[in-house]
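Okay, so here's the structure we're looking at.
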Amino acid sequence: MYCVSIDPSSTAIGWTIYIPGQSMEDPFGAIPIFGVFRPNSRRKPYERMEDIAQWAKEWEAHPIDRVLIEVPSGAVNHGRNRGGGAGLSVYGFAAGVVWSALSDLFDAVVPIKETWTGGFTKAKRQSVAARHASGYDPKQDKGGDAADAICMAIWYHHMRKGEKHVAA
């Protein structure tokens, strides 16, 4: 099974291809490639959505069995936005654009509530990503977008196996 895991937003979309482990010797599997797609942030949000839709359609060329997409839970980061929800509608719009484009291409598109992180900090998720994805460098992923895509894929694989959380 090849899985693509996507952490969408309107400014930086973290992604990874994840191949789940098939044996006890390889419990985490492989993360052969990951990255961050950045639409032109100088463009208006609705214009960035066109770039995002085009980027999402490019996944059709890959042998993907399952797509994981982080979706808004409706919770607002009170510390950053003082509860005002700034950016939540644009984030939801971006997640919807990615969802729609990939649902047209693949049968198995799985929504993952953004609460999957279980309260682990960005730094902790970046640390986990660095241990499990060869070449991942938190200094090159300041927003933690690639780390979130990597950790969400690992989390999903472990949840499917009945485990409670990613081993830290």
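Quick one: order 160, 38, 66 by neighbouring beta-carbon count within 10 Å, fewest to most.
The order, fewest Cβ neighbours first, is 160, 38, 66.
Using only the alpha carbons, work out the radius of gyration and Dmax of the range 3-160 in angstrom.
15.1, 48
Could you go through the range 92-102 in sequence order and give the Karplus-derived ³J(HN,Hα) for each residue, using 6.51 cos²θ - 1.76 cosθ + 1.60 with θ = phi - 60°, rounded to whole Hz, and x for Gly and Pro?
3J(HN,Hα) across the range 92-102, in whole Hz: x, 4, 4, 4, x, 5, 4, 4, 4, 4, 6.
Listing 3, 151 from the residue with the fewest other Cβ atoms within 10 Å to the one with the most, what is the order?
Going from sparsest to densest Cβ surroundings: 3, 151.
Neighbouring Cβ atoms within 10 Å as the yardstick, rank 55, 15 fewest first.
Ordered from fewest to most neighbouring Cβ atoms within 10 Å, 55, 15 come out as 55, 15.
For the range 86-140, what is the charge dipole size about the Cα centre, in debye to the nearest 20, if Lys and Arg each add +1 at the Cβ and Asp and Glu each add -1 at the Cβ?
420 debye
We did not get these values from a lab; they are worked out from the coordinates using the rules stated. All of these numbers come straight from a predicted model, not from anything done at the bench. Backbone-built Cβ (ideal geometry, glycine too); neighbour counts: all protein chains shown.
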